[in-house]
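What follows is a set of notes on a single structure, which appears directly below.
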Amino acid sequence: MDAAAEENAMIDPPMDTSKFGPFPAPGTPAARTAAELADGPLVIADDSTPMARSVAHQLLVKEGLRLHEPLPRPDRARVMVVANQKGGVGKTTSTVNMAAALAQHGLRVLVIDLDPQGNASTALAIDHHRGTPSTYDALVEGVPLSEVVQASPEVEGLFVVPATIDLAGAEIDLVSMVARESRLRKAIQAYPPVTAEGEDRIDYVLIDCPPSLGLLTLNALVAGEEMLIPIQAEYYALEGLGQLIETVEMVKAHLNPTLDVSTILLTMYDARTRLSAGVAEEVRTHFGEQVLRTAIPRSVRISEAPSYGQTVMTYDPGSAGALSYLEAAREMALKGAQG
């Protein structure tokens, strides 16, 4: 080493990379270029670093390719109700991001927006201005779902029944109708892709409910076979959960004996606080295997995505929030396949 090189080495010594773990070698997910990704689907190795997984995820979404080998398809469509009467727990956010994550894994997913605010429709870039065929037409007017479904422009394999402001009056309109609590179930059962066989069948139906326990939510609980309950990692969420479980038990006893709370997802989890850890421990103690191991962290990117008409899965696919939803969806799908 000459004198100049030796002096430079003293000023800027070589970085010790051992503490950062192994860097991906050429040909591994993080090292592949967008051109190479076009050759086929990418399987992200389990031993890749978080940075490698993030970069690979971003490249795949940018190229419109699937993220992993497809997840196993369920034997029949899983109709899941996403509900929690407490507002602000990440219910709609979890609905749209879990749906997008499942679709990115190669599954076919239908989202039914039952919230008059139409936030799920907004996040999925689905037109839902007044006059658009919507869940109101399916519930109140008896219009077939096939006439109100729209395909997501952002994610292949994702379909949406939008909600318009008209749905705000559905609670009143349904009161005088016969079998008012089972109209959504009949609509879903009459939708051919839900009961079809082969590649065109819908694998998951996710129903996004309003933050209340009125007739709209009751229709969802009667229509579903499973419940996905997002729970914010805060104390008040535990009180609301108890009330929700009581409602579920009443529905099971009188209207839908097949309804089961299969999945609980912790949202807005802050690993820096003892409160989040305490709530998570409490929920896992009471519900055990129903609680997904993956928790969704607090994330500005998750909150920003809907303002761009996107889920975080396409808005910032390499973010911690997107990767968490991706893993949660994978865990839910694999657990369902094992069951």
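The values are calculated or read from the model by the stated rules, or taken from the named source; none is laboratory data. From a predicted model like this one, the values you see are computed outputs, not experimental measurements. Positions of Cβ are backbone-derived with ideal geometry, glycine not excepted, and every protein chain shown enters the neighbour counts.
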Condition met for L206 (buried (at least 20 other Cβ atoms within 10 Å of the Cβ) and either within 20 Å of the chain's Cα centre (by Cα) or in a strand (DSSP E or B) (or both)): yes
message: Quick check on L228: is it crowded, with 22+ Cβ neighbours inside 10 Å and in a strand (DSSP E or B)?
response: yes
task: Would you point out the residue of the range 210-224, among those that are touching an Asp or Glu at 6+ places or on another chain (Cβ under 7 Å) and not in a helix (DSSP H, G or I), that is surrounded by the most Cβ atoms within 10 Å (Cβ to Cβ)?
output: P210
- prompt: Within the group I112, I126, which residue is closer than 17 Å to R201 by Cβ, crowded, with 24+ Cβ neighbours inside 10 Å and out of contact with any Phe, Trp or Tyr (no Cβ under 7 Å at 6 or more places or on another chain)?
  reply: I112
- line: If we ask which residues in the range 268-281 are within 16 Å of P230 (Cβ to Cβ) and either out of contact with any strand residue (DSSP E or B) (no Cβ under 9 Å at 6 or more places or on another chain) or assigned to a loop (DSSP other than H, G, I, E, B) (or both), their number turns out to be 2
- prompt: Would you call R130 more than 24 Å from the chain's Cα centre (by Cα), closer than 19 Å to G224 by Cα, among the charged types (D, E, K, R) and modelled with pLDDT under 95?
  reply: no
- prompt: In the range 231-254, what residues are among the hydrophobic types (A, V, I, L, M, F, W, C) and either in a helix (DSSP H, G or I) or modelled with pLDDT of 95 or more (or both)?
  reply: A237, L238, L241, L244, I245, V248, M250, V251, A253
- line: Note on A328: of the conditions (1) at positive phi; (2) touching a residue at least 12 places away in the same chain (Cβ under 8 Å), unmet is (1)
task: Check L323, L292 and return the single one that is over 22 Å from M227 (Cβ atoms), surrounded by 18 or more Cβ atoms within 10 Å (Cβ to Cβ) and under 15 Å from the mean Cα position of the chain (by Cα).
output: L323
- prompt: Does the range 111-122 contain any residue that is over 26 Å from A168 (Cα atoms) and either free of Cβ contacts under 8 Å to residues at least 40 places away in the same chain or not polar (S, T, N, Q) (or both)?
  reply: no
